[in-house]
1. Please give the Cα centre distance for region 325-354 versus region 256-302, rounded to the nearest Å.
2. Where in region 330-355 is the amide nitrogen less than 18 Å from a point lying 7 Å along the Cα-to-Cβ axis of residue 389?
3. Is the shape of region 45-195 rounded, prolate or oblate, going by the alpha carbon gyration tensor and its root eigenvalues a ≥ b ≥ c, with a/c under 1.5 for rounded and a/b larger than b/c for prolate?
4. How high is the FRET efficiency from residue 151 to residue 286, r the C-beta distance, R0 22 Å, rounded to 0.05?
5. Would you mind classifying region 327-398 by shape? Square roots of the alpha carbon gyration tensor eigenvalues, ordered a ≥ b ≥ c; an a/c under 1.5 is rounded, otherwise it is prolate if a/b is larger than b/c and oblate if not.
6. By its C-alpha gyration tensor, with a ≥ b ≥ c as the square roots of the eigenvalues, how is region 226-321 shaped: rounded for a/c under 1.5, else prolate for a/b larger than b/c, else oblate?
7. Give me the percent relative contact order of region 254-400, please, defined on Cα pairs under 8 angstrom at least 6 residues apart.
8. What is the spin-label model distance, in nm, from residue 381 to residue 346 if the labels are put 7 Å beyond Cα along the C-beta direction?
């Protein structure tokens, strides 16, 4: 009896606990397997550039796309950055306020008319990502190059032989994408005023009721395209141009439009976007130039190969012709045996053979051939007095 009571108590306890879990699950409305939705911030990335908000505190700004790059500062929750591209899980951003770059002071002279401006004195001078947490001499992440007479804004500090400068237009930094989210677009609602006037009443309209009429707003001319709209239009045209075959691509007009935006002081941050695309176009045109150069080199190689083949054929013909000669070499008189006797020597003046004209050629004047390279056609026989060969030649040809 006692055992049965204990058993009933255990069963009742189990049922109560199970009911409690069931009630908790019904109340919370969750299931044990929770489905985590995809990050819309990554799936719905807008076209570059776009604004993003920082979602964490003390998020490190890096000199490159990875934790192995030194950090250049911090961002906090709610800070706004401009993203121009991505690489894996890192976002490339326009340098935020407070960041800077380094440039070697040996390649910069201070503008006498404006001490806050430095003038570059060399070509292809490197600019490095700056950091207050890394010595200038160890700040090795290159952001780009400056050429002679380009100007930089000096920030008034020097370290290890480097000037601290405002980041040039080509300079960018990096932040982990996981700490950013796409910022909502700022929409401005135009405010068009209207004029409200009462309708006039005639002198006999004693029972007329005063009614207010809304005067139609004046015709509003279409607003000129904003800098951002112009930029986006040009950016799309650049992308369309990139899809063409290499020999049909032409960025001349697009560069003019982007340069106008980049140089206009009223364009604000859009100028940086335009400069970024201009940098891309520069790389595209470099590819075009290299392609043209390769084509020219290929044509030149083909011409050279054709020339080599012709020269080879000519040389082969000469070799074939040389086969008909009994001997070739420099033609000289052989005074030892008197007039009308000759010898052939090599390029070092060493005698090759004794040469004696035979037949009709013996009556010819051969003085004009003395000292020149010739080929002799004839027969070869030993010549004991000279211990050389004797060539009795019937023909002689100039070989130079």
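1. Taking the Cα centre of each part, region 325-354 and region 256-302 sit 69 Å apart.
2. Only 330-332, 342-355 pass the distance filter.
3. Values: a/c = 2.37, a/b = 1.44, b/c = 1.65.
It is oblate, given that a/c is not under 1.5 and a/b is not larger than b/c.
4. Values: r = 24 Å, r/R0 = 1.11.
Between residue 151 and residue 286 the formula returns 0.35.
5. Details: a/c = 1.33, a/b = 1.11, b/c = 1.20.
The shape class here is rounded.
6. Working: a/c = 6.88, a/b = 4.52, b/c = 1.52.
Since a/c reaches 1.5 and a/b is larger than b/c, the shape of region 226-321 is classed as prolate.
7. Details: 189 pairs, mean separation 24.3, N = 147.
About 16 percent, as a whole number.
8. 2.6 nm
Bear in mind that the values in this text are calculations on the coordinates, not laboratory data. Owing to the predicted nature of the structure, the values given are computational and were not obtained by experimental measurement. With ideal geometry, Cβ positions are generated from the backbone for all residues, glycine too; neighbour counts draw on all protein chains shown.
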